[in-house]
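The values are calculated or read from the model by the stated rules, or taken from the named source; none is laboratory data. Predicted, not measured: the structure shown is a model, and the values here were computed from it. Heads up, the Cβs are rebuilt from the backbone with ideal geometry, glycines too, and the neighbour counts pull from every protein chain shown.
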Amino acid sequence: MNLPAVFLRQKLVRTPLRSLPIIVVLLMRSGVTLGNDAHYLALPKVTDRETQAADCALGWQVALREIFSCSWFMEGQPKASKADAERIVVLTFDDSVKSHRTFVAPLLKELGFGATFFVTHRWMDDSANFMTWGEIAEIHRMGFEIGNHSWTHDDFSKAANAVRLSGELAQVEAELAKVKVPHPVSFAYCGDNFGPEAVSELVKAGYKFARRGMQPEVPYGEIRVGPVYDPQKNHPLLIPTTGDAYPGWTLQDFQKVVNQAGEGRIAVLQFHGVPDPTHPWVNTQPELFRKCMAYLKEKSFLVIALRDVERYCPATPPEDPLLRTRFP
């Protein structure tokens, strides 16, 4: 089991120094290691009894990350490169395409990557080319995030349509609940269109993150590097797409996009089907996708789901001028 260090810091503060050896013994007995990501501690075998004992006896009052940074404990532990940790890529996949389950998710699982799959009912009656709710649940059980992409995939940038968004979010949430997929916290704007009313509906529905497209900075369909997500500047409900996988994309185009990541900025990628026979204008060939993912692995990028950007977000969301913008 992987737990974010920020979560542990929230749970543990102010334990007496004399108790630190007890914590270390408990955790070492449970097989504690540091994961490749500096933000994670891997705790594979902590039992309920040990957790309760630590909770009772120690008061959950110490920042564990400080303990594990001590040289006497860290000797021999794998260390994450700060440069690698700063090169962050978010992978997102839209529209519930069948290849997400048959090809994309297994490959990402093998590579150890995170990703968000945004699901919509819009095309699900075509079960040959789009996933069922059961297949979506299988992706969730593989460890990936399932995000909401509305029921009808309508244009919610229009005020008249935005009033229906909460109901459509609830329809998707209800189907996900039936197959034991948690309530989503991430949303992707349909057709990359957004407006103030849609943002307001997402806030009311409890969504934390929403991905828009490269627009308005880059016109739709142009193969260019889009805006890079900066948590200090971009509101979490208007996270921009840095690269949209159009059919004309090459490996070199992909590399230009992801190499924008670093120094606190995050490259957000938007894919559809791999392949996507029903929507050829957003199709990605599996051979190219394999090469792109191999590049991320070779260059040691940190590849995460959209929900995972939370640990990089400031406590107070930035004043993003696009909150008052309607696109198109």
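Give the residue that is nearest to Val97 (Cα to Cα), with candidates limited to residues of the stretch 270-328 that are of a type in the set (A, V, I, L, M, F, W, C), in contact (Cβ under 8 Å) with a residue 24 or more places away in the chain and in a loop (DSSP other than H, G, I, E, B). Outline the logic, then answer.
In the first step, residues of the stretch 270-328 are kept if they are of a type in the set (A, V, I, L, M, F, W, C); the result is 271, 274, 281-282, 288-289, 292-294, 296, 301-306, 309, 313, 315, 322-323, 327.
Subsequent filtering for residues that are in contact (Cβ under 8 Å) with a residue 24 or more places away in the chain retains 271, 274, 281-282, 288-289, 292-293, 296, 301-306, 309, 313, 322-323, 327.
With in a loop (DSSP other than H, G, I, E, B) added as a condition, the list becomes 274, 301, 305, 313.
Numbers: Val274: 8, Phe301: 25, Ala305: 18, Cys313: 30 Å.
Result: Val274.
Is it fair to say Lys158 is charged (D, E, K, R) and either free of Cβ contacts under 8 Å to residues at least 24 places away in the same chain or on the phi < 0 side of the Ramachandran plot (or both)? Answer is yes for this residue.
Quick one: which helices (runs of 4 or more DSSP H) lie wholly within the stretch 86-196 and hold at least 1 residues that are in the same structural domain as Met214 (by TED's automatic domain parsing) and under 30 Å from Ser300 (Cβ atoms)?
Because the criterion is at least 1 residues that are in the same structural domain as Met214 (by TED's automatic domain parsing) and under 30 Å from Ser300 (Cβ atoms), the helices (runs of 4 or more DSSP H) in the stretch 86-196 that meet it are 105-111, 133-141.
Which of the residues spanning the stretch 171-205 are more than 25 Å from Arg324 (Cα to Cα) and among the small types (Gly, Ala, Ser)? If the condition is that a residue be more than 25 Å from Arg324 (Cα to Cα) and among the small types (Gly, Ala, Ser), then Ala174, Ala177 are the ones that fit.
Taking the conditions exactly as written (touching an Asp or Glu at 6+ places or on another chain (Cβ under 6 Å) and either of a type in the set (Asp, Glu) or within 21 Å of Phe144 (Cα to Cα) (or both)), does Arg307 satisfy them or not?
Values: touching an Asp or Glu at 6+ places or on another chain (Cβ under 6 Å): yes; either of a type in the set (Asp, Glu) or within 21 Å of Phe144 (Cα to Cα) (or both): yes.
Considered against the rule, which asks whether it is touching an Asp or Glu at 6+ places or on another chain (Cβ under 6 Å) and either of a type in the set (Asp, Glu) or within 21 Å of Phe144 (Cα to Cα) (or both), Arg307 comes out as yes.
Residue under question is Asp230, and the condition is that it be touching a Gly at 6+ places or on another chain (Cβ under 9 Å), crowded, with 17+ Cβ neighbours inside 10 Å and acidic (Asp, Glu); does it hold?
Values: touching a Gly at 6+ places or on another chain (Cβ under 9 Å): yes; crowded, with 17+ Cβ neighbours inside 10 Å: no; acidic (Asp, Glu): yes.
Taking the combined requirement at face value, the residue does not satisfy it.
Within 17 Å of the chain's Cα centre (by Cα), of a type in the set (Phe, Trp, Tyr), assigned by TED's automatic domain parsing to the domain that holds Asp154 and under 21 Å from Pro231 (Cβ atoms): is that true of Phe301 in this structure? Judged against the criteria, Phe301 is a match.
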